[in-house]
Structures are given as C-alpha cells and as structure tokens.
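Heads up: the structure comes next, in structure tokens.
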Amino acid sequence: MFAFAKKNTWADADVILIDESHNFRNRNAQRYAAMEGLIGRNGGRGRDGMRKKVILLTATPVNNDLFDLYNQLCLVTLNDRSYFSACGIGDLHRYFLQARRSGRQGDGVFALFNLLEEVVIRRTRQFIRKVYPEATIRGQRIHFPDRKMKTVRYDLEGTYAGIHEEIVSGIESLKLAPYNLESYKKAGVEINEMEAGREIALVGIFKSRYLKRFESSIEAFRISIRRALAFLKTFESYILDGRILRTTDFQKAIRYLERENEEDDATPHSMADEIDESEEARGALAGMQAIDPKDFDLRRLHEAVQSDAETLSAIWRRIKDITPDRDAKLERLKQLLSKDFRGGRFWCSRITRTLCATCTTTWATRRAQRARSSGESWAQTCAAWTAERTQRNE
C-alpha cells in the first residue's frame, strides 16, 4: 500500500476507488496517511484537471464511533469542512460532533440523515434482482448464484488440550480496569453514568473479542494476549509513577516506536521506558488531555491490573509454545484443501475468507510455504492465494 502510494504513476488518477474503506477509519494509521498522500498528489486533481473523484465501498462504515465515517469522508473532502455547505452542512466536523451527542440519546443515525442522503448509495442483491432484472455487464446478464452453505467442524479443544477451560475461565475473569476507569473512582468523586455504562459494555466486547481470536487460530490468540499483556504492564508502570494512561493514548504513542525487529511471539514487557525515551512518543502523550489520578483509587486500580496481568501471563505461558501441528483448525483447513475442495484458487479464497482473520491468514501462509517445499498438495492449492491476500492486507 505504501509503496503503491509513493508511485508518481498514479498521481494524476481521475478516480480513486477505495474498497473496504472502513480500513481507513483511523486517521493516525500509516495506511490513512498513505492514502491521503495519494489523493493529494498533483494538487488533488486528476489527469483532466478536475478535482479527483473518490469513491468509498464498505458494508460497515461505522465500527466503533460515528467519527469512523467522518474520517473516511475526509478522504473525499480533503479535510475541507465546508465541502457540504451547499447541502446545509456548514462545518462537517461540528456536524459530526452534534451527531455524536445525539447518538448518546439513541438517534445518532437520524442526525446524519441529511449527509447520508447526499453521499450514500446502497445496493443489495435483492434490490438489484428486483429493480434491474435484465442488468448486464459486458453484454452478459448478471447472475447471482444460489448460496450453498457448508458447516465445517473441527476440534477446538484438540488444539488446547487440557487448557481449554482454563483459558476460557481466565478470559471471563478479566477485570480490564484500563477500559473501565469510572468504576475505580474514589468514593465521593462524581461518576459519569453514561461513560460508566459505555465502559461496562466495552469490557464485555473485549472479552468476546479475545474469545473470537481464541477460536480463530492459535496465532491470532497469541498475538492478542501478547499485546494485551504489553499494554497492561505499561499501564502498571505509569500507575506506579502516579499517572493514568488512556488506552487510546497508549496506541498513539507506540506508533512512534521502532519495533520492526520484534516478533509477535516475543515475551511481553512494559513499554513505558521506550515511550519515555522516544521524544516523539513523549510529545504525543504530553499533547493529550491528562487524567487526574487524584480522582481514582490507585491501590484498587493497581490490584485489578496486577490480577489481569497474572491471568494473562499464565495464559501466555500455556500457549506461547504451541506448535502448528497441534493447531486443529489448520489441520482441518489442510484436509479441506487437499481432499474435500479441489476447486483451486476460487475455493481456497472462499474457505480462507470464512476461516481466517488477517493474522490467521499469515499463520496459514507460513505453514503453506513450508509445506509446499515438501510437496504437500494442500499447500499447492492455497499458498499463492493466501500470500497474495496477506500482502494486500499489510
């Protein structure tokens, strides 16, 4: 993505079509900066001298917050807040702030109605069939194949023999205090009830996410546990210094750290010293709104963090050395590709999209590359496609 964005060959493109545009919901991500650079090249104008046209394709424009959509639209507006002034939206940023406030009252989507009416086109399979029954592409009538679902089962406990229940109960016992700070305020300090409710929901979402990663693959779960432990240990280091670190601030700060040589199976450790030694990371934290530690019961907060760190450390020790030959999901995937589905690239793409998150795909790719060298048939089927998809996602 970054190499592509640097090529002057595409600097004067008239139209830029961004598929899965929800991947550009974070303005602080490198991919977002790369895309902004690509759109802004040649003064933001195409070969015809007109302003570049940006088209966003996504089924999930909002993942966590309405500003996910705002950030994507900024790729269209090139950060011009008055871009939609002709539609009665004088300042797009303020418009979204108001919509966010309305969203807390349950009508955030309705608050964006004027904007959505101007920019969104929604076309479902049922809509196309009904409204355009004779539609063609390149002279060929559009045909939607009948969906035939196939459930593939595998033995999850086989991968985590003897530790499955321990891992599940450990995840369910997590307090995740850094995501639930309102619960750790001192007696007498006013609690933001709305924020407290949001945080409780967030804790549930994170636990569910860990369990989903657990189901996805040993590699995906191992990466999640490692990163969660690194954050908790960093959070603890700052508590001991009398500071409270927001999770979002941590994520922004570590983007400034050089970590290319560190593998995701490295032992998790506190990154507080690295952040403090990095002028850019320190500057990022200094520019963020501080949390007053006097409002919080730091002893109780520290105990909760320590408890989670011990739980996650125990899980880490149990999973860090699990080898690929013990991954039941990977073994079932190999069986599908070598026996049940021999349709080549198409079937491989369908199966891998269903079974794999990006890091799980990476895991399967590594195994396929190694197995292909020894002539295993399943690897011949999937290695090329998974490698291509992994490279595209990275």
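Between Asp91 and Glu166, residue separation times 0.36 nm minus the direct Cα-Cα distance comes to 21.8 nm. Please label the shape of the range 156-319 as rounded, prolate or oblate, based on the square roots a ≥ b ≥ c of the eigenvalues of the alpha-carbon gyration tensor (a/c under 1.5 means rounded; beyond that, a/b larger than b/c means prolate, else oblate). Verdict is oblate for the range 156-319. Plainly put, the range 2-119 has a radius of gyration that is 0.99 times its Kirkwood radius, both from alpha-carbon atoms, as the Rg/Rh ratio. Computed extension length for Leu257-Asp19: 82.7 nm, one decimal, from 0.36 nm per residue of separation with the Cα-Cα distance subtracted. Note on Ala290 and Thr151: their simple-model spin labels are 5.6 nm apart, each label 7 Å out from Cα toward Cβ. Taking the Cα centre of each part, how many Å lie between the range 286-308 and the range 138-176? For the range 286-308 versus the range 138-176, the Cα centre distance is 36 Å.
For the residue pairs Lys252/Lys294; Lys233/Lys329; Lys52/Lys252; Lys148/Lys329; Lys212/Lys233, the C-alpha atoms sit more than 28 angstrom apart in Lys233/Lys329; Lys52/Lys252.
For the range 110-152, the set of trypsin sites (Lys or Arg not before Pro) satisfying both a DSSP loop assignment and a count of at most 10 other C-beta atoms within 10 Å is given as Arg122, Arg123, Arg138, Arg147, Lys148, Lys150. Would you work out if the range 190-244 is rounded, prolate or oblate? Take a ≥ b ≥ c from the square roots of the eigenvalues of the alpha-carbon gyration tensor; rounded if a/c is under 1.5, else prolate when a/b is larger than b/c, oblate otherwise. The shape class here is oblate.
Indicate the gyration tensor shape class of the range 181-277 (rounded, prolate or oblate), computed on the Cα atoms with a ≥ b ≥ c the square roots of the eigenvalues: a/c under 1.5 is rounded; otherwise a/b larger than b/c is prolate and the rest oblate. Here the range 181-277 falls in the oblate category. If a spin label sat at a point 7 angstrom from the Cα of Ala196 along the line to its beta carbon, the backbone N atoms of the range 285-314 nearer than 15 Å would be those of 296-297. Taken as Cα centroids, the range 182-240 and the range 50-97 sit 30 Å apart, rounded to the nearest whole angstrom. Peptides 195-202, 249-256, ordered by how many other C-beta atoms sit within 10 Å of their residues on average, highest first, read 249-256, 195-202. Amide H contacts under 5 Å for Phe296: Lys186, restricted to partners 5 or more places along the chain or on a different chain, H placed in the peptide plane at 1.01 Å from N.
Values quoted throughout were computed directly from the atomic coordinates according to the rules given, and no laboratory measurement underlies them. Treat the numbers as computed from the prediction; the structure is a model and nothing was measured. Neighbour counts run over all protein chains shown; Cβ positions are idealised from the backbone, glycine included.
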